[in-house]
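The values are calculated or read from the model by the stated rules, or taken from the named source; none is laboratory data. On a predicted model such as this, the values are computed, not experimentally measured, just so you know. So basically every Cβ, Gly included, is an ideal-geometry build from the backbone, and we count neighbours across all protein chains shown. These accessible areas exclude ligands, DNA and RNA; they are computed on the full protein's heavy atoms, side chains included. Shrake-Rupley method; radii C 1.70, N 1.55, O 1.52, S 1.80 Å.
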Amino acid sequence: MIDMDQLLQHAKAQQATDVHICAGSPVLFRIGGELIPVTKERLTAKQSADMSLGLLTKDQKTRLEETGDFDLMLAGKNGRYRINVGYFDGQVGATIRILPTKPKTTDELFLPDIIKELAHRRKGLVLITGSTSQGKTTTMTAMIDEINATSKKHIVTIEDPIEYLHTNKTGIVRQREVGRDTQTFYTGLRAALRQDPDVIAIGEMRDYETIKIALTAAETGVMVLSTLHVISIDKIMERLISYAPASDEGQLRFLLAESLQGVIHQELIPTTDGGQRVACEVLVVTGAAKNIIRRKGGYFLRNVIETGAKHGMITMASSIETMLNQKTITEDVARSVLANYT
């Protein structure tokens, strides 16, 4: 059987972000956004099961049998990993996300300066949006690190799971994991309001109760950071409203207009050196944006971004153009990204 420790060390040396263990396939590393085979032979069903189940304790295996999926974190001297073990067409396999050992800074991520500025807002809500696996958590973590490094503030995070470990710097960061330190995002958020926070970071907005209390906290003087799965800023209103009862749409629009400070929408795209870089568009909520949120469809926000450069707003087209000029990405990559923003 393939030695898992050696496999993970090899993955880290290759700068892989994920390892896929799947019956009928070679072991695959995700490198630069693409899946790369790293074994010559395809794994048998037994090999895949042995490697995957070897990551679990006896109790965890029992829970896997009951539910068909099991998520866990592994942390040790060789690194930290977020793991999903599950059944796929009747066979056991695993996906392993390799987590950085410490948060990256906004400078290390080449994020625009406006993101630092948004991190230092005193109150309100900042959302980091994008589809799955676009680096939203990494960006939010960099913003938390920026606050922690420069401000004497109390930051409470509610995460599922905790991916990056923060150390106290100028401020203090207290991290809570859903399922271990608190039952749900909602209960963790509700408790956080009693813990004298300056900043609350919510790993993900998943339900209406969480969204509502987060907006209320932001409106009453706490800085709230969170992520939201959405394919573009245009769709943010309908995405949030989809969680709410029809009778609450007006209240949700009002709370969002009053509390939202900015939206960072991002895509993780392959670079010419084989790595990945965030391209992003940034909405800074102005009076015009507040009026749109209260009364109109989200697609009008596109006009606000396109005319808002003086407020620090950035379009996806300008972000891509900057990366092209720096020869960070190819023209083919640029075209494929911008096809979704026309």
ask   = Filter segment 116-127 for residues that are in a loop (DSSP other than H, G, I, E, B) and within 15 Å of Ile200 (Cβ to Cβ); which is least open to solvent (accessible area, probe 1.4 Å)?
value = Arg121
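Residue by residue, here is whether (1) under 29 Å from Val178 (Cα atoms); (2) modelled with pLDDT under 95; (3) crowded, with 17+ Cβ neighbours inside 10 Å holds:
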| site | (1), (2), (3) |
| --- | --- |
| Asp5 | yes, yes, no |
| Leu28 | no, no, yes |
| Lys46 | no, no, no |
| Ile98 | yes, yes, yes |
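Quick grid of which residues meet (1) modelled with pLDDT of 90 or more; (2) open to solvent by 10 Å² or more (accessible area, probe 1.4 Å); (3) not in a helix (DSSP H, G or I):
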| residue | (1), (2), (3) |
| --- | --- |
| Thr216 | no, yes, no |
| Leu225 | yes, no, yes |
| Ile231 | no, yes, yes |
| Met237 | no, no, no |
| Ile241 | no, yes, no |
| Ala244 | no, yes, yes |
| Leu256 | yes, no, no |
| Gln261 | yes, yes, yes |
| Ile264 | yes, no, yes |
message = Would you confirm whether or not segment 83-93 contains a residue that is under 30 Å from Ala309 (Cα atoms), under 25 Å from the mean Cα position of the chain (by Cα), β-branched (Val, Ile, Thr) and surrounded by 19 or more Cβ atoms within 10 Å (Cβ to Cβ)?
response = no
remark   = Of the conditions (1) within 16 Å of Ile233 (Cα to Cα); (2) among the small types (Gly, Ala, Ser); (3) not in a helix (DSSP H, G or I), the single one that Gly274 does not satisfy is (1)
task = Answer with yes or no whether Glu177 is under 22 Å from Ala217 (Cα atoms), surrounded by fewer than 18 Cβ atoms within 10 Å (Cβ to Cβ) and of a type in the set (Asp, Glu).
result = yes
ask   = Hey, does segment 116-128 have a residue that's within 23 Å of His10 (Cα to Cα) and at pLDDT 95 or above?
value = no
ask   = Out of the residues in segment 291-329 that are open to solvent by 60 Å² or more (accessible area, probe 1.4 Å) and of a type in the set (S, T, N, Q), which is nearest to the chain's Cα centre (by Cα)?
value = Thr322
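Every residue, every condition in (1) open to solvent by less than 10 Å² (accessible area, probe 1.4 Å); (2) part of a strand (DSSP E or B), yes or no:
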residue	(1), (2)
Thr105	no, no
Ile114	no, no
Thr129	yes, yes
Ala142	yes, no
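Can you pull out the residues in segment 147-174 that are open to solvent by 70 Å² or more (accessible area, probe 1.4 Å) and assigned to a loop (DSSP other than H, G, I, E, B)?
Lys152, Leu165, Thr167, Asn168, Lys169
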remark   = For segment 53-100 the number of residues that are basic (Lys, Arg) and in contact with a strand residue (DSSP E or B) (Cβ under 6 Å, 6 or more places away or on another chain) is 4
task = Filter segment 266-290 for residues that are open to solvent by less than 40 Å² (accessible area, probe 1.4 Å), touching a helix residue (DSSP H, G or I) at 6+ places or on another chain (Cβ under 9 Å) and small (Gly, Ala, Ser) and give the result.
result = Ala279, Ala289
